[in-house]
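Read the structure below first, then the notes.
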Amino acid sequence: MQAALTLLEALCLQGLKQLVLCPGSRSGPLATAAGVLASQEKLQLVTAIDERSAAFLALGMATAHGRAVAVVTTSGTAVANLLPAAVEADRSCQPLLLLTADRPARLKNCGANQTVNQESFLLAACRWVGSGAADGVHAQTNEALNALAVQAWQKVQGAGSGPPGPVQLNLPIEEPLHTTLEQQQQLVSGACLPTACPELSPEIAPPPRLDPERPGVVIAGPWRGLSPALAPYQQAVHRWLNVSGWPVLADPLAALAAECPNRIEHWELQLDRLNLSADVQVLRLGPMPASRRLEAWLQRHQGPQLLITEGDPRPLDPLRCASQWSGGLAAWIAQQPVLDQATKPSVGASALSPWIEAQLPLSGAVNEPALAYWLPQLLPEQLPVMLAASSPVRDWLTWGGAACGRHHCFSFRGASGIDGTLSLAMGLAVNLGPLALVTGDLALLHDSNGWLHASSAAAPPPLLVLLIDNGGGGIFQQLPIATPGFESLFAMPQQVDPLALAAAHGVPGRQVACLDDLEEALAWGLSLQRPVLLRLCSVRGRDAALRQQLRAAAQNESTEL
């Protein structure tokens, strides 16, 4: 246990504050050490029995504060279950520290129980994979363990070179695995303090320039920075818009400030009507929004395109149309020529909103476009929202309108999977407080073990789950798939009662019969301040047809900017 305590205390002094612990014997010394540090209030300890769900819970927690959360697992297939969350953390540039207990070298490659090549499982997704001594971390000096902690923290937080992301420390642990209480007390004072983590500055090429005096447009994609950097990013966006007067086409995940000027609401419905010239300058912030129409427009575009990422140097332009700079928008603004011109007039907002409201009244049968339009308005202002990575995030982009800017919206679209949807939302709610999750039925069922976090925590996360139950994979209904086996091959409806499943985990829920009842149901769910499920049933075929009808009709509506 001495080595485990030294390592964890070193990580705590680097900045680790929260740890998610999964059960196991080989990881026993890490579990005991984590318990000691939690009792000393040096570490907040959360337990979870499913490693896959635990990793997503930790990723949600880390995303909320921009600081790595550790996950401790035992050896074997437990480590393999960390891969989906590691992939998402990699593509989303969020810090996730994976501490995996392993067998020592003497038990490798000889058929020993629960011994696999787990040091290779996560290599492709991790920023760095570090290892303890092959014979066991007990063989390492305190200085070596401290150095391992410093290096891991630098890599996971993106200090020095490369963006934040997942890091694995694979830790061979020799027997004995468990100590007596007396031995634990003797060891508590034995951990050594680590050296300070040096601040390193990556070298980044000088930034390209755009001319705010000439016409341009800002395309704000999903925000992928660490949360402490969000306010400077928002201020930089505001400053550029005030100087340039350029319109903004914003993804709901762009995390722009509520008072951000020049937004074009419902821009995805009227992209061809925005009177943007073929050679207008384009400032792209982060990854692409989820819009095929925007992709087509950018591919036809003939003017300069500059893509700025928040520290991620990897190519993020699937269209291969933009030059890319990875220094972050705040740094880019700071290095531009003096931006002290008078504030330019704001661009007019879309005139489509009144028309959309008339088409999607808050009454009658539930449908997905109406939910995307009304939920941003009915949910309390400033309430964070997580959107599942399939239909919800696309619907909020198209139909959400101005009220989307009242909420910080999250969606884990780094790899755009439905993995871990509920666990991620639970993690966000642990650190952010009250939060709403908008998800489909398959995404929720896929991660049903996430409900375990509703009762395992000392204080259940205040999470309101808004389930849009359309009887299967609604996103496939929007694709040109023609096959007689559509239901079984693509939609895959499941015969599970989500309210009964939630209730089995002690989670209260309600069925919302129609849109007229939505506002009252939201108030009830939020008042409970704990995990709650609201089930809203829609007909996916009808919703897909409604989307097509509204898109076609929107083209005939006159809009003025």
Hand me the list of strands (runs of 3 or more DSSP E) wholly inside the stretch 39-119 holding 3 or more residues that are at pLDDT 95 or above and in contact with a helix residue (DSSP H, G or I) (Cβ under 6 Å, 6 or more places away or on another chain). 69-73, 96-102
Lone qualifier among ALA358, ALA322, ALA351, ALA365 - being open to solvent by 40 Å² or more (accessible area, probe 1.4 Å), closer than 19 Å to TRP246 by Cα and either more than 23 Å from the chain's Cα centre (by Cα) or at pLDDT below 95 (or both): ALA351
Of (1) in a loop (DSSP other than H, G, I, E, B); (2) without any contact (Cβ under 8 Å) to a residue 24 or more places away in the chain, ALA134 fails just (2)
Members of the stretch 387-401 that are under 17 Å from ARG535 (Cβ atoms) and either hydrophobic (A, V, I, L, M, F, W, C) or open to solvent by 20 Å² or more (accessible area, probe 1.4 Å) (or both): ALA388
Kindly check whether there is at least one residue in the stretch 480-501 that is assigned to a helix (DSSP H, G or I), in contact with a strand residue (DSSP E or B) (Cβ under 7 Å, 6 or more places away or on another chain) and at pLDDT 95 or above. yes
Residue selected from the stretch 275-300 under the condition open to solvent by 10 Å² or more (accessible area, probe 1.4 Å) and more than 30 Å from the chain's Cα centre (by Cα), by the criterion nearest to ILE356 (Cα to Cα): ASN275
Residues located in the stretch 65-81, provided they are open to solvent by less than 10 Å² (accessible area, probe 1.4 Å), within 20 Å of PRO163 (Cα to Cα) and touching a Ser or Thr at 6+ places or on another chain (Cβ under 7 Å): GLY66
Subset of the stretch 95-142, residues more than 35 Å from the chain's Cα centre (by Cα) and open to solvent by 60 Å² or more (accessible area, probe 1.4 Å), comes to ARG106, ASN109, CYS110, GLY111, ASN113, ASP135, HIS138, ALA139, THR141
Which helices (runs of 4 or more DSSP H) sit wholly inside the stretch 384-457 and have at least 3 residues that are under 22 Å from LEU362 (Cα atoms)? 391-399
Exactly one condition in (1) within 26 Å of the chain's Cα centre (by Cα); (2) more than 25 Å from ASN449 (Cβ to Cβ) is not met by VAL539; state its number. (1)
Looking at the stretch 144-159, which of its residues are open to solvent by less than 30 Å² (accessible area, probe 1.4 Å), touching a Pro at 6+ places or on another chain (Cβ under 7 Å) and under 19 Å from GLU88 (Cα atoms)? VAL156, GLY158
Answer with yes or no whether ARG551 is under 22 Å from PRO369 (Cα atoms), open to solvent by 10 Å² or more (accessible area, probe 1.4 Å), touching a strand residue (DSSP E or B) at 6+ places or on another chain (Cβ under 7 Å) and touching a residue at least 40 places away in the same chain (Cβ under 8 Å). no
Of these, ARG510, ARG535, which one is in contact with a Lys or Arg (Cβ under 9 Å, 6 or more places away or on another chain), surrounded by 20 or more Cβ atoms within 10 Å (Cβ to Cβ) and modelled with pLDDT of 85 or more? ARG535
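The values are calculated or read from the model by the stated rules, or taken from the named source; none is laboratory data. The structure presented is a predicted model; accordingly, all values stated were derived computationally and were not measured. Cβ: placed from backbone, ideal geometry, glycine included. Neighbour counts: every protein chain shown. Just the protein is used for accessible areas: all its heavy atoms, side chains included, with ligands, DNA and RNA removed. Shrake-Rupley method; radii C 1.70, N 1.55, O 1.52, S 1.80 Å.
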